[in-house]
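Below you'll find the structure, written out as structure tokens, and then a few comments.
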Amino acid sequence: MGPLFGTVLAHWMDGVWARLGRPDGFTVVEAGAGLGTLARSVLAAAPDCLAAGRYLAVERSGALRAGHPDGVESVADLPAGPLTGVVVANELLDNLAFRLLAADGGAWHEVLVGHDGQAFAEVVGEPVDVADLPDPVDGARVPLQDEAVAWVDRALGLLERGALLLFDYASTTSDLAARPWDGWLRTYRGHERGGHPLDAPGTQDVTVEVALDRLPGDPAVATQAAFLRVHGIDDLVDEGRRMWQGGAATGDLAALRARSRITEAEALLDETGLGGFAALEWPVAPAAF
């Protein structure tokens, strides 16, 4: 993630702020802020909404919070509401704990974890009664993302006016049921794909595609590429190209930074990669929009 993504988000934040009547005290809440990379990019873009507002960087890890930039308030959990502003998270929901269901004998069963004395192993539990699941075709699996649902409800509950914006790789429950489960339940180790989720516990990250149909509310859904284009990424890239062309011959550092926008945009807009992620936006108090 480079500065371009944060600059586009700053434009979006200013758009929400303007539609709300440019209130003082506008609050940006970034959940899962990590080392503060996105916060730095947003602050560098100097959005008008933060001139009399504040930026809360939410990160559980104290070690990561220690690296947050000046200009943000570092906190370990979501704040109390009500707030006027926005809540933003990038690839958060896919990392929250989920249940795994498997179809067997014409019913959905929860896949549990047992131990045979030497290793962890899957155990198929009793049938579960969950509404609005696809027909249980034997061999199919689906995630049940109760924690993601609860997190979205909590984030929406913080906001009196504003918007919740999430980026993640996403699908629908029906689509996930029709696909091989190891394609949408992924593990990562050392920035590469890992093995079975029960292999070497504690050494792999476990993530799952987000089932959009089970999330609360009625968010506007677009691809990340489409969202970024609506909020000005093409204009920023064109500006960067002009700056590069004007300063490249002299080795101007500003021109070199502008040139990086082109490379970053190519990755952010790639529909087979990051550009294909879902951008989910929930307006709060729609009458204000």
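The values are calculated or read from the model by the stated rules, or taken from the named source; none is laboratory data. Model, not experiment: these values are computed from the prediction. Every residue, glycine among them, receives a Cβ derived from its backbone with ideal geometry; neighbour counts consider all protein chains shown. Surface areas here come from the heavy atoms of the whole protein model, side chains and all, with no ligands, DNA or RNA. Shrake-Rupley method; radii C 1.70, N 1.55, O 1.52, S 1.80 Å.
When the Gaussian network model of the chain links Cα atoms closer than 10 Å, the mean-square fluctuations of R189, R54, R22 top out at R189. Across the stretch 163-170, coupling constants 3J(HN,Hα) worked out from phi with the 6.51/-1.76/1.60 Karplus curve, θ = phi - 60°, read 7, 10, 10, 10, 10, 6, 8, 9 Hz, and Gly and Pro carry x. Look at the dipole of the chain built from charges on Cβ: of L101, G240, A177, the Cα furthest out on the positive end belongs to G240. Only beta bridges with both residues in the stretch 22-180 are counted; by DSSP, about 40 percent of them are antiparallel. Between L35, L64, L50, the residue with the greatest mean-square fluctuation in the GNM of the chain (Cα pairs under 10 Å linked by springs) is L64. Near A170, the amide H atoms lying under 5 Å from its own belong to V210, A278; only residues 5 or more places off or on other chains count, and H is placed 1.01 Å from N.
For the stretch 42-100, the square roots a ≥ b ≥ c of the C-alpha gyration tensor eigenvalues yield an a/c of 1.5 or more together with a/b exceeding b/c, which makes the shape prolate. Structural descriptor for the chain: relative contact order 18 percent, calculated from alpha carbon pairs under 8 angstrom and at least 6 residues apart. When only Cα pairs below 8 angstrom with a gap of at least 6 residues are kept, the stretch 73-125 shows a relative contact order of 20 percent. Using protein chains only and a probe of 1.4 angstrom, how many square angstrom of Y188 are accessible, to the nearest 10? Probe radius 1.4 Å; accessible area of Y188 about 70 Å².
Note on surface exposure: V72, V124 rank V124, V72 by accessible area, highest first, 1.4 Å probe.
Note on the chain: with charges restricted to the Cβ of Lys and Arg (+1) and Asp and Glu (-1), its dipole about the Cα centre is near 1140 debye. By accessible area, using a 1.4 Å probe on protein heavy atoms only, the stretch 1-67 has 51% of its surface on carbon and sulfur. Considering only beta bridges that DSSP places wholly inside the chain, some 55 percent are antiparallel.
Could you tell me which of rounded, prolate or oblate describes the stretch 40-162, using a ≥ b ≥ c as the square roots of the eigenvalues of the alpha-carbon gyration tensor, with rounded for a/c under 1.5 and, failing that, prolate when a/b is larger than b/c and oblate otherwise? Judged from the Cα gyration tensor, the stretch 40-162 comes out prolate (a/c at least 1.5, a/b above b/c). Give the shape of the stretch 1-53 as rounded, prolate or oblate, defined through the alpha-carbon gyration tensor: a ≥ b ≥ c are the square roots of its eigenvalues, a/c under 1.5 means rounded, and otherwise the shape is prolate if a/b is larger than b/c and oblate if not. Note, shape of the stretch 1-53 comes out prolate.
Top to bottom by accessible area (1.4 Å), largest first, where do I233, I262 land? If you can, show how the numbers build up before the last one.
Working: I233 0, I262 25 Å².
The ranking, largest first, comes out as I262, I233.
Proximity of backbone amide H atoms, modeled 1.01 Å from N, is registered between V123 and L112, V113, G114 at under 5 Å, excluding neighbours fewer than 5 places apart on the same chain.
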